[in-house]
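The values are calculated or read from the model by the stated rules, or taken from the named source; none is laboratory data. Computed from a prediction, not measured in an experiment: that's the story for all the values here. Here the Cβ is made from the backbone with ideal geometry for all residues, glycine too, and neighbour counts use every protein chain on show.
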Amino acid sequence: MQKVLTYLVICATLTAAGCSTPKKQPDYKTSALDKLPFVYKMTVQQGNIITDEMVDRLEPGMTKSQVRFLLGTPMLTDLFHSNRWDYTYTVRRGHNEMKLTRLTLFFRDDSLVQVQGDLRPDPNRAAQREPADLLVSVPDWEDKRGLLAKTASKLGLDPAE
């Protein structure tokens, strides 16, 4: 009986000690070479790139398809909350800290009702922005036919006519 009691006390002590030790979560697995300044670290971007211009174009009452056309497909869609879309964007440039940008959109009856997150629509900023003119240049047509095709068209033997 005394052995059983001793084993129970040891097990309870080990269990309590195991629960009380803080567990360090590994942030990122890095090596000692990553901290050296001459080691190149590539810029890593993940998620939806969302700019202020895109967010300024959001308006209450927009449908889900209009928002999807404007911002793209959201990174996170919850099966239990289908009326909430989460857009996240992370960027890590070289040895700098990771920068996280979040945008959460809420819908009711397939229309946008609320915007939360780091980026918010600003009508003043949108009004100050100059509208961008769309200029499309179309190159002139160049005759790239061969010598025989050009000669045949001059003689009226062109099969394309």
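Tell me the strands (runs of 3 or more DSSP E) entirely within segment 44-161 that contain at least 1 residues that are over 30 Å from Leu33 (Cα atoms) and acidic (Asp, Glu).
84-92
Please work out which residue is farthest from Leu105 (Cα to Cα), limiting yourself to segment 50-88 and to residues that are buried (at least 18 other Cβ atoms within 10 Å of the Cβ) and not aliphatic (A, V, I, L, M).
Selected residue: Asp56.
Which numbered condition in (1) within 30 Å of Gln116 (Cβ to Cβ); (2) under 22 Å from the mean Cα position of the chain (by Cα); (3) modelled with pLDDT of 80 or more is the only one that Met42 fails?
That leaves (1) as the condition not met.
Among residues belonging to segment 121-152 that are surrounded by 10 or more Cβ atoms within 10 Å (Cβ to Cβ) and of a type in the set (Gly, Ala, Ser), point out the one that is farthest from Gly61 (Cα to Cα).
Ala152
Tell me which residues, restricted to segment 1-30, are assigned to a loop (DSSP other than H, G, I, E, B) and either among the hydrophobic types (A, V, I, L, M, F, W, C) or modelled with pLDDT of 70 or more (or both).
Met1
Could you check, for segment 91-107, whether at least one of its residues is in contact with a Pro (Cβ under 9 Å, 6 or more places away or on another chain) and more than 27 Å from Pro74 (Cβ to Cβ)?
yes
Any idea which of Val113, Val91 is surrounded by 12 or more Cβ atoms within 10 Å (Cβ to Cβ), over 29 Å from Gln45 (Cβ atoms) and at pLDDT 85 or above?
Val113
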